[in-house]
Amino acid sequence: MYQLGVEGGLVVSPKGRWRANLYVAAGRIAEVSQDRHPAKELIDASGLLVVPGMVYAHVHFMDPSAVDREDFITGSAAAAHAGVTTVIEHSHSGPVRTSDQLYEKSAYLVGRSQVDFALGAHAWPGMANEVGPLWAGGAAFLKAFTCSTHGIPAHDPADLLTLFRSAASHGATCLVHCEEESLTRSAELALRQTNRQDGGVIPDWRSREAELVAIAITAELASLTGAKVVVAHASQPAAADSARPFCLVETCPQYMTLLESEAIEFGALRKFTPPARARTETDLREMWSTLASGEIDYIASDHAPSTLEQKQAGSIWDVHFGLPGIDTTLPLLLDAVHRGWLTLERLVAVYSETPARIYGLYPRKGNLEPGADADMVLVDPERRWVVDDADIVSKAGWSPYAGRTLFGGAVTTLLRGKRPEPGDGVFLPGPGHTTATSAR
Ligand SMILES: [Zn+2]
């Protein structure tokens with residue numbers, strides 16, 4: 001007898017959708033069938049969609065480094081609530097720069113996550129010798145910055161070349177934050193001289209040009225070295241165009257839902273970087289088409305929360321960058337499906353299967369084929385609701401989308417065939433992981 005049966009739902013994968021019953025044994029998908037079989041627990045999914053659990057590749061839970069903003073307990077609870085069953089986490093406040101630090105962090109997090117988790121590491125200028133040990137230690141990717149941001153030093157093109165050569169030789173994946181240092185620095189100096197304190201400094205400081213120049217350099221170096229490089233949080237269609245031939249491309253819902261002018265209106269509550277670029281509804285729709293067409297590979301919100309109090313404590317220059325987002329990413333995507341901007345199949349590709357493939361978690365994650373972990377989300381596509389700060393599970397406790405009416409949401413999330421509880425999540429070492437390293 002199976003552990004669990006999920007019967008009568010419409011199962012969706014990037015290849016299509018069909019009515020089927022899913023049966024789970026030992027936490028994995030055992031059978032996908034038109035027939036019905038006995039199971040200890042049965043879930044009636046009729047009227048609901050059944051999709052693989054979301055794989056959230058860019059999240060900052062800041063645990064143990066800045067737990068006044070978020071931690072794994074609250075962040076992973078928000079994930080489970082919103083249909084995310086795997087997160088890939090890295091925190092700038094506590095950068096992992098060596099394989100020892102990676103091991104310590106994964107050991108510290110045992111029992112703290114409600115969903116499965118992988119961990120990114122930080123590449124550091126002058127420390128390219130750590131790339132091999134970090135990759136063999138199970139890092140999901142190496143994060144590099146082209147600008148000094150969030151306390152992380154910039155990789156100039158020479159540093160980036162060294163990093164990519166090393167990454168290519170080890171088969172390691174790099175995730176790169178692309179804003180060019182000299183352009184952001186000179187813009188900052190000019191803005192500070194005029195003593196501007198308004199929210200409008202954000203788009204002037206973190207310009208479109210700075211992002212595009214950094215992407216051009218990153219893509220060229222990826223091409224020269226053959227390294228596997230992902231451009232993080234592409235904010236505009238031109239960014240995806242420029243990255244595309246030699247890099248994979250990530251984007252975030254904020255670039256499809258928030259306008260540049262909101263930085264002026266809301267100031268620090270819209271301080272994130274790269275900032276929102278869209279000036280019109282047409283610009284927003286163009287980003288949705290870029291995601292729908294495949295020019296962008298996957299989506300994650302770069303969840304980097306602060307509470308409302310933290311976001312308002314200090315000048316526009318001083319407060320943290322970043323937005324809370326893990327609570328709202330799936331609903332925003334479902335809402336786009338409702339509006340006809342994205343297909344359900346593409347939603348599953350960009351938020352589950354593709355990130356699982358890119359970061360070496362597929363086929364265990366990112367699909368509902370027999371043998372995969374039984375991570376799934378039951379979705380009500382017609383549920384109409386209004387985003388309310390009171391419903392945000394993240395420690396942030398607020399959302400830039402509060403007040404919006406959305407269609408669609410997760411009804412039930414299952415991790416390895418059961419409703420996830422605190423501590424159920426396990427560490428998923430990255431694809432370069434060798435047992436020699438874990439046997440220490
Ligand atoms: Zn980030």
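Among helices (runs of 4 or more DSSP H) entirely within the stretch 178-277, having at least 2 residues that are of a type in the set (A, V, I, L, M) and at pLDDT below 95 singles out 261-266. For the condition aliphatic (A, V, I, L, M) and out of contact with any strand residue (DSSP E or B) (no Cβ under 7 Å at 6 or more places or on another chain), Leu183 qualifies. Considered as a group, the residues in the stretch 190-221 that are of a type outside the set (D, E, K, R) and farther than 23 Å from Thr251 by Cβ include one that is most open to solvent (accessible area, probe 1.4 Å), and that residue is Gln193. Applying a threshold of 7 Å to beta carbon distances and a minimum spacing of six or more residues, or different chains, the list of pairs starting in the stretch 376-396 at a residue that is free of Cβ contacts under 8 Å to residues at least 60 places away in the same chain and of a type in the set (Asp, Glu) and ending at one that is open to solvent by less than 40 Å² (accessible area, probe 1.4 Å) and in a strand (DSSP E or B) is empty.
In the stretch 302-322, the residues that are basic (Lys, Arg) form Cβ pairs under 8 Å with partners that are assigned to a loop (DSSP other than H, G, I, E, B) and away from the ligand (no atom under 12 Å from the Cβ), at six or more places apart or across chains, as follows: Lys311/Lys271; Lys311/Val319. Taking the conditions (1) farther than 17 Å from Val55 by Cα; (2) within 16 Å of the ligand (Cβ to nearest atom); (3) open to solvent by less than 10 Å² (accessible area, probe 1.4 Å) in turn, Ala79 satisfies each one other than (1).
Please tell me if Ile88 is among the β-branched types (Val, Ile, Thr) and more than 16 Å from the ligand (Cβ to nearest atom). I'd like the intermediate steps shown before the answer.
Values: among the β-branched types (Val, Ile, Thr): yes; more than 16 Å from the ligand (Cβ to nearest atom): no.
So Ile88 does not fit the description; no.
The values are calculated or read from the model by the stated rules, or taken from the named source; none is laboratory data. Every value quoted in this text rests on a predicted model; they were computed, and no experiment measured them. FYI the Cβ positions are ideal-geometry reconstructions off the backbone, even for glycines, and counts take in every protein chain you see. Quick note on the areas: whole protein, heavy atoms, side chains included, nothing else; ligands and nucleic acids left out. Shrake-Rupley method; radii C 1.70, N 1.55, O 1.52, S 1.80 Å.
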